[in-house]
Amino acid sequence: MATIELFNTLGGKIESLAPVGTPALRMYCCGPTVYDYGHIGNFRTFLHVDVLRRVIRQHGIPVEHVMNITDVDDKIIRNAAAAGVPIAQYTEKFERAFFEDLDALGIQRPEHISHATACIPDMVSLIQQLAAKDIAYQAEDGSWYFRIARFPEYGKLSKKDFDGIEDGARVDIDEYEKDAARDFALWKAVKPGEQSWDTALGTGRPGWHIECSAMATKFLGDDIDLHAGGEDLMFPHHENEIAQSESASGKPFARHWMHVRFLLVEGKKMSKSEGNFYTLRDLLLKGYRASAIRFLLISVPYRHQMNFTFKALADATNAVDRLRTFYQRMTILADLLKGGFDDSETATDPNILGIVEKAREDYTAALNNDLNTAEASAAIFELVRAGNAVADAGTLRPGVAVEILKVLDLFDGVFAVLEDRDAAITRAALAWAEAEGRIDEAAPELVATLAFSDADIDALVAERTQAKKTRNFARADAIRNDLLAKGILIEDSKDGVRWKRK
Ligand code: AMP
Ligand code: ZN
């Protein structure tokens, strides 16, 4: 089977990705800081890492994937203090929301999820290893720092030149200046009122960078296949992880580094500090569907920055609809065979099997080529277009529909948008908004639409079909119009009656 080719920030070029030394590919992705709800920029990064893990698994390679949860940092401490609650109580709600959002977006759970606060002894022992080599040193206030001057390769990931690194110039906040290489905090001595741990290093709490080095090693060993995160983490966070891990082990830390580029809004990074962000929940309450949000965020390849617009989100909604309608159409055709139908005599388009095969090849080649999700979905839409045309002409054999479904299933193994969980997800978002006293943020027509469960709608649609049979057209029309007013659209087609929420 072809290999997965992926840009490696460290090597500066596209390289083959494969596990080394173990059957599973060992990967680490920096997880969220659970101080607030994640915005869709954060999820763009997690979604592309999800695409990667799904592609790896489609290659028959198991993955061993670790994600940290940063549940102690400056922002968490500040916000928890402002709310007057312990940090664990403060982060619990945002962590729960984070996992609900991952599920809503169809992001697979990593094999290991690890809280920073659960791995303090691992971090302490890593800092002790560095201290034994005099690479970690303690400052007067009791904090521990990493001596960057002792790691000459510092800057090799971000390709920054740190000539003349000043030994002993320190920085101890979790948010760093963009360009300066300063000795960074490994362990922060306790400050009044802050959560702290009593350890062999003294009383205090870990820095952010040591978290990831310690957890990657704890679960995956000291040389891993892949490390991923958003582009902002390349420097200094990942550079610092490399410095810590490689200084301790004497081995290269991660062979492959993947960085997902930013989601932008009108040319600016979507971020909390710019105030230009949307959370998943914001969009669900406006009536956008989780599947469309997933599709939109992954449809621009990870190595391109992506500009968020509502127009693009509306287009993504239509794209997902089109895929689902096509899938249903092919399923209805393919199901004829289950009823014992023999299609060997059925009229058949001479080119369609070639088109199906080409779609499969183009799709696979696009993903193998640095996860080109745009070309991969274009290949599938070409199949949708051709398949619909042939089906319209009445020359699509059920046997061919079976082959088309196999390609669509392959596609959905990565894109994961065909199963319609949207209404249930939106309903859960509405319940959350109600509980948080934020229901007034929800679009009113959405609240009305979701007042009907799927079963209610099925029953009304069945009643309408019955009314038509008994020529009670007034009742049939009334049902259709009532549902339409609630945003539910009934479609009569030659394959039967379908409905969907607008
Ligand atoms: P945080 O919770 O802030 O630590 O961020 C979680 C992940 O989201 C990190 O990998 C960040 O690099 C990534 N991230 C933050 N902002 C954006 C953005 N606008 N677009 C894409 N990824 C982002
Ligand atoms: Zn990290």
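What to note about this one:
- As computed over the stretch 391-435, the Cα convex hull volume per residue (Å³): 95 Å³
- Other residues lying with their Cβ under 11 Å from the Cβ of R53 contribute a combined charge of 0, Lys and Arg counting +1, Asp and Glu -1.
- Taken over the stretch 282-415, the alpha-carbon convex hull comes to 110 cubic angstrom per residue.
- Bridge orientation summary for the stretch 4-260: considering DSSP beta bridges with both residues in this region, about 45 percent are antiparallel.
- Most tightly packed first, judged by the mean number of other beta-carbon atoms within 10 Å of their residues, the peptides 231-239, 321-329, 431-439 read 231-239, 321-329, 431-439.
- Of all DSSP beta bridges in the stretch 187-257, antiparallel share, percent nearest 5: 65 percent
- Sequence ranges 73-81, 458-466, ranked by mean other-Cβ count within 10 angstrom, highest first: 73-81, 458-466
- Counted by Cβ distance under 12 Å from A24, the other residues give a net charge of 0, where Lys and Arg count +1 and Asp and Glu count -1.
- Applying both filters, DSSP loop and at most 10 other Cβ atoms within 10 Å, to the trypsin sites (Lys or Arg not before Pro) of the stretch 177-239 gives K178.
- FRET efficiency for L489 and N79, using Cβ-Cβ distance with R0 set to 56 Å, rounded to 0.05: 0.80
- Rounded to the nearest 20, the Cβ-based charge dipole of the chain about its Cα centre (Lys and Arg +1, Asp and Glu -1) stands at 1160 debye.
- Length-normalised contact order of the stretch 282-415 in % [C-alpha pairs under 8 Å, at least 6 apart]: 32 percent
- Per-residue Karplus couplings for the stretch 293-310, computed as 6.51 cos²θ - 1.76 cosθ + 1.60 with θ equal to phi - 60°, are listed in order as 5, 4, 4, 4, 5, 9, 6, 8, x, 4, 8, 10, 5, 10, 9, 7, 9, 6 Hz, Gly and Pro entered as x.
- Within the chain, helix-based [θ] at 222 nm, where runs of 4 or more DSSP H residues each add -39,500 (n - 2.57), nearest 500: -15000 deg cm²/dmol
- Each of N79, I61, P121 was scored by the projection of its Cα onto the charge dipole of the chain, and the greatest displacement toward the positive side belongs to I61; charges sit on the C-beta of Lys, Arg, Asp and Glu.
- Length gained on full extension, T465 to A24, computed as 0.36 nm times the residue gap minus the Cα-Cα distance: 153.5 nm.
- Expressed per residue, the C-alpha convex hull volume of the chain stands at 162 Å³.
- Counting all C-alpha pairs of the stretch 425-501, share separated by more than 19 Å (%): 42 percent
- Nearest 10 degrees, 0 to 90: helix 74-83 Cα axis against the chain principal axis: 70 degrees
- Toward the positive end of the charge dipole of the chain, with +1 on the Cβ of Lys and Arg and -1 on the Cβ of Asp and Glu, the farthest Cα among M330, G21, N481 is that of N481.
- Charge context of T426, other residues only, Cβ under 9 angstrom, K/R +1, D/E -1: +2
- Rounded to the nearest Hz, the phi-derived 3J(HN,Hα) couplings of the stretch 185-196 under the Karplus curve 6.51 cos²θ - 1.76 cosθ + 1.60 (θ = phi - 60°) are 6, 9, 8, 10, 4, 4, 10, x, x, 8, 4, 8, where x marks glycine and proline.
No lab work stands behind these numbers, since they all come straight from the coordinates. The structure presented is a predicted model; accordingly, all values stated were derived computationally and were not measured. Heads up, the Cβs are rebuilt from the backbone with ideal geometry, glycines too, and the neighbour counts pull from every protein chain shown.
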